[in-house]
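One structure is given below, encoded as structure tokens.
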Amino acid sequence: MSGFEKFARRAPVIRRTSSGRRAAAALVVPAALVGLLFSGGPASAAATSTTSGSCNGVLNQLASRGTVQDNLLKAAATQNADLIASLTAQRTALQTQGTDLQAQIDQANQQLADLEAKGVELEASLKTRHLTLDAATAQQASVVGEISVLQKALDSLRAQESDVQAQLDVLVAELADLSGQTTPEEGAILDLQTRIGALVTQLNQLKAEISATEAQLSTLHGQLTSLDVQVGTEQAAIRDLEAQEKANNDAIIAETARLQALQDELRSVQDQINTIDRTIALGGCAA
């Protein structure tokens, strides 16, 4: 066999050997990458958080399908399932908290409504009491005025009584003088007796008027005493109602503040639930 024939037979073998080496070299790189993936990768990859790893696992499953090993995808899915389960538990706890807060809010609203209704009732009672006090005070002033007028009339009647009594005393003294004379003048005696009779009648009328006026004054003084008691009672009731109204207003302010705090807390819980819902919808990734 010539040297050319020997070379021609060997040439194909050399080409197959060269092609096999290239194939072997091509397999070296993926194996190294797989080894890198299974060994945990560089330190920065090991420091990645569970949430981040889970997000990368879920969001990048389609993008990395065919290039990442199946067990890595399963690990990411497991991490995501654990995270979603944890988030679901947090959401359940928050929903329970929200239900409790809503019950407290409903209770606070009812208490606030009761306090406001009581405030309206107290305000109406105060209005009634003030009207009663105003009427009693006006009547008190009227009675005081009547007492003043009657007292002046009584003073005038007593002055007249005193004057008539003085005149009567003079006439009686004159009549006594005439009666003591040995020869009294009958006409003068009759005149004095007539005048004395008239003064006695007038005096009796004055006494009757004085008695009637004194009775009226006594009645008015009794009314005034009763009105004084009524005014004092109404004033005390108004002070008590005003104290109740102030306490009720303070309670309304405090209950309103508590209601606002509960509503703020409920909004915060609802925001947390909404955030968790969005995170679960994204497969455990923060929006």
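The values are calculated or read from the model by the stated rules, or taken from the named source; none is laboratory data. All of these numbers come straight from a predicted model, not from anything done at the bench. Cβ atoms come from the backbone with ideal geometry, glycine included; neighbour counts cover every protein chain shown. These accessible areas exclude ligands, DNA and RNA; they are computed on the full protein's heavy atoms, side chains included. Shrake-Rupley method; radii C 1.70, N 1.55, O 1.52, S 1.80 Å.
Regarding segment 167-181, can at least one residue be identified that is open to solvent by 50 Å² or more (accessible area, probe 1.4 Å), touching a residue at least 24 places away in the same chain (Cβ under 8 Å), within 30 Å of Asp134 (Cα to Cα) and of a type in the set (S, T, N, Q)? Looking through segment 167-181, none of the residues is open to solvent by 50 Å² or more (accessible area, probe 1.4 Å), touching a residue at least 24 places away in the same chain (Cβ under 8 Å), within 30 Å of Asp134 (Cα to Cα) and of a type in the set (S, T, N, Q). For segment 199-219, the criterion of being farther than 30 Å from Leu112 by Cα, open to solvent by 70 Å² or more (accessible area, probe 1.4 Å) and under 42 Å from the mean Cα position of the chain (by Cα) is met by none of the residues.
A single member of Ala261, Ala251 is touching a residue at least 40 places away in the same chain (Cβ under 8 Å), under 30 Å from Gln110 (Cβ atoms) and among the hydrophobic types (A, V, I, L, M, F, W, C), and it is Ala251. Applying the condition of being under 30 Å from Thr213 (Cα atoms) and of a type in the set (Val, Ile, Thr) to segment 104-146 and asking which residue is surrounded by the most Cβ atoms within 10 Å (Cβ to Cβ) yields Val143.
Residue by residue, here is whether (1) in contact with a Leu (Cβ under 9 Å, 6 or more places away or on another chain); (2) modelled with pLDDT under 95; (3) closer than 30 Å to Val164 by Cβ; (4) part of a helix (DSSP H, G or I) holds:
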site	(1), (2), (3), (4)
Thr213	yes, no, yes, yes
Ser218	no, no, yes, yes
Ala236	no, no, no, yes
Asn248	yes, no, no, yes
Gly284	yes, yes, no, no
Ala287	no, yes, no, no
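Note on segment 147-165: residues that are open to solvent by 50 Å² or more (accessible area, probe 1.4 Å) and either more than 18 Å from Leu220 (Cα to Cα) or touching a Pro at 6+ places or on another chain (Cβ under 7 Å) (or both) total 7. For Glu185, indicate whether it is touching a residue at least 40 places away in the same chain (Cβ under 8 Å) and surrounded by fewer than 16 Cβ atoms within 10 Å (Cβ to Cβ). No.
Here's a check for you: in segment 80-119, which residue that is of a type in the set (D, E, K, R) and in contact (Cβ under 8 Å) with a residue 60 or more places away in the chain is nearest to Gln244 (Cα to Cα)? The qualifying residue nearest to Gln244 (Cα to Cα) is Lys118.
Each residue in segment 220-254 was checked for being open to solvent by 70 Å² or more (accessible area, probe 1.4 Å), within 22 Å of Glu116 (Cβ to Cβ) and aliphatic (A, V, I, L, M), and 1 pass. Just checking, does segment 129-144 include any residue being within 23 Å of Ala247 (Cα to Cα), assigned to a helix (DSSP H, G or I), without any contact (Cβ under 8 Å) to a residue 40 or more places away in the chain and of a type in the set (D, E, K, R)? Looking for residues that are within 23 Å of Ala247 (Cα to Cα), assigned to a helix (DSSP H, G or I), without any contact (Cβ under 8 Å) to a residue 40 or more places away in the chain and of a type in the set (D, E, K, R), one finds none in segment 129-144, hence no. The C-beta contact set for segment 230-242 (first residue charged (D, E, K, R), second residue surrounded by fewer than 16 Cβ atoms within 10 Å (Cβ to Cβ), distance under 8 angstrom, 6+ apart or interchain) is empty. Based on this model, can you work out whether Asp264 counts as in a helix (DSSP H, G or I), under 22 Å from the mean Cα position of the chain (by Cα) and surrounded by fewer than 12 Cβ atoms within 10 Å (Cβ to Cβ)? Yes.
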